[in-house]
Amino acid sequence: MTQVLELSRLVERTLNALADVLGADGAALMLLDDQNRLRAVAGSDDDGRRLELLQEQIGTGPAIESLTRGVDVAVNDLYAARPFGFPGLAAGVSGVRAVLSVPLRVEEQLIGTLNFYDRISHEWQPAKVQTGEGLGRLMVMVLQTLAHNSPISGKS
Amino acid sequence: MTHIDPDALVASLRRVQTSSSTTGIVQQLERAVGVVDTLFGYSGAGLMFAEEGKDLRYLVTTDDRGRSLEGAQLHLGQGPCVSAYAENTAVTSTDVQVDPRWPKLADRLHPEVRAVAGVPVRLGGDPVGTLNVYQSKPYEWDESDVQALYGYADVIEQLLTAAMAAEEKSALAEQLQYALDYRVVIERAIGYLMGKHDLTATQAFTGLRKQARDSRRRVADLAAEVLGEGAGETR
């Protein structure tokens, strides 16, 4: 239990650091599990956690679109009408407006998405999207290192 | 309180474990510094480590110009990275070639190493090394540069901590020490290839690293092989 708590803290610290580097208000993580289910794994704060949990529940949102299409999904304002926003999701996470979801890959395989968010709507500049992709690679390195160095055997 | 679902995290890590091969911490650190270098868009980046009570040495550097930072600081026992490590805080220099804090550094530095910034990399709160970036022209580092560098250093700390999850700190130190030791072999191989094929250090190292990756070998092993062949030629 202590070890799992340490893993959780490490992932949360990583998310906080990545959000800081990008200058975003927060970051959150959705990953495919060993049964190929997309799971809301982590958020750097309550809003991030809610953003992912709601997507898991309603089956739509930038993280899910990013994973489905395998591309970056930059949403300037969640409240915008489809296809630019996700008004259904926005209603449940009023503290989040702009979202950037980048796909995470391990050896070419999609394993999930890293999501950055801001509390005000704004346009995601290409340089920031590119930085988000690089930060996604760092997230994958942390996950890989954890996966190969942690006692995580057993089935869910 | 964390904002994490521990069960989902463990189940997802299990998937990552099965879909990727094991990668050593040193290789991950190399990749991480490469990402930092790319994202910053500066001239180069490096990661220095200090064995307990010993000098700060480069574990990873993106190019040979930046490498001169280590040599100069090792020789003089001072410089921006040494200060960042010793004082456990960010240290920046607009132009290290004319910085009055380290007047003798310029003589030993590559002329294209100008603006330097370094932040400590910590484990358990204590500094174990520094993450450094440099520019080939004078540059006024601002607060956002330093904060971003701290953020990257934080991610590197999490990488190191993740690597320690199943190992003692001493085992991790052994791996890092191994990398530092074998770097000497790599540098000798680079020197040999430069002489034999009339290459720059960067070209020699890039070629060596590519060949190692293509043949799924460690750079150190390939370097040792190259040196073995070189020794055979001179006999």
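Here are a few things to note about the model shown:
- Listing of strands (runs of 3 or more DSSP E) fully contained in the range B:89-170 that carry 1 or more residues being surrounded by fewer than 19 Cβ atoms within 10 Å (Cβ to Cβ): B:115-123, B:126-135
Residue-wise test of (1) modelled with pLDDT of 95 or more; (2) crowded, with 17+ Cβ neighbours inside 10 Å.
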{"residue": "A:100", "(1), (2)": "yes, yes"}
{"residue": "A:104", "(1), (2)": "yes, yes"}
{"residue": "A:108", "(1), (2)": "no, no"}
{"residue": "A:146", "(1), (2)": "no, yes"}
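- Of the numbered criteria (1) among the polar types (S, T, N, Q); (2) surrounded by fewer than 23 Cβ atoms within 10 Å (Cβ to Cβ); (3) assigned to a helix (DSSP H, G or I), the one residue B:73 fails is (2).
- Scanning the range B:3-12 for residues that are part of a helix (DSSP H, G or I) and of a type in the set (A, V, I, L, M) returns B:8, B:9, B:10, B:11.
- Failed item, numbered, when residue B:105 is tested on (1) closer than 22 Å to residue B:182 by Cβ; (2) more than 16 Å from the chain's Cα centre (by Cα): (1)
- Within the range B:38-59, residues that are within 29 Å of residue A:127 (Cα to Cα) have Cβ atoms under 6 Å from residues that are of a type in the set (Phe, Trp, Tyr) and assigned to a loop (DSSP other than H, G, I, E, B) in no pair, counting only partners at least 6 apart in sequence or on another chain.
- Residue A:102 being touching an Asp or Glu at 6+ places or on another chain (Cβ under 6 Å), in a strand (DSSP E or B) and aliphatic (A, V, I, L, M): yes
- Taken together, the criteria place residue B:47 among residues that are out of contact with any Cys (no Cβ under 6 Å at 6 or more places or on another chain), surrounded by 20 or more Cβ atoms within 10 Å (Cβ to Cβ) and within 29 Å of residue A:150 (Cα to Cα).
- Residue B:57 meets all of the listed conditions (1) of a type in the set (Lys, Arg); (2) more than 30 Å from residue A:133 (Cβ to Cβ); (3) in contact with a Ser or Thr (Cβ under 7 Å, 6 or more places away or on another chain) but one, namely (3).
- Scanning the range A:36-69 for residues that are within 28 Å of residue A:6 (Cβ to Cβ), without any contact (Cβ under 8 Å) to a residue 40 or more places away in the chain and among the small types (Gly, Ala, Ser) yields A:40, A:42, A:43, A:44.
- If the condition is being within 14 Å of another protein chain (Cβ to nearest Cβ) and without any contact (Cβ under 8 Å) to a residue 40 or more places away in the chain, then the range A:80-102 contributes only A:102.
- Selection status of residue B:33, out of contact with any Lys or Arg (no Cβ under 9 Å at 6 or more places or on another chain), crowded, with 18+ Cβ neighbours inside 10 Å and closer than 18 Å to residue B:179 by Cβ: yes
Every residue, every condition in (1) in a helix (DSSP H, G or I); (2) within 11 Å of the chain's Cα centre (by Cα), yes or no:
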| position | (1), (2) |
| --- | --- |
| B:14 | yes, no |
| B:18 | yes, no |
| B:22 | no, no |
| B:26 | yes, yes |
| B:33 | yes, yes |
| B:54 | no, no |
| B:59 | no, yes |
| B:65 | yes, no |
| B:68 | yes, no |
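- The range B:194-216: number of residues that are in a loop (DSSP other than H, G, I, E, B) and either among the charged types (D, E, K, R) or free of Cβ contacts under 8 Å to residues at least 12 places away in the same chain (or both): 4
- Selected residue (criterion: farthest from the other protein chains (Cβ to nearest Cβ)) from residues of the range A:4-35 that are of a type in the set (D, E, K, R) and touching a residue at least 60 places away in the same chain (Cβ under 8 Å): A:25
- At least 1 residues being acidic (Asp, Glu) and surrounded by fewer than 17 Cβ atoms within 10 Å (Cβ to Cβ) is the threshold, and among the helices (runs of 4 or more DSSP H) wholly inside the range A:1-93 those reaching it are A:2-22, A:46-58.
- Any hit, the range A:105-118, residues being of a type in the set (Ser, Thr, Tyr), more than 10 Å from chain B (Cβ to nearest Cβ) and assigned to a loop (DSSP other than H, G, I, E, B): no
The values are calculated or read from the model by the stated rules, or taken from the named source; none is laboratory data. These figures come from a predicted structure and were not determined experimentally. Cβ: placed from backbone, ideal geometry, glycine included. Neighbour counts: every protein chain shown.
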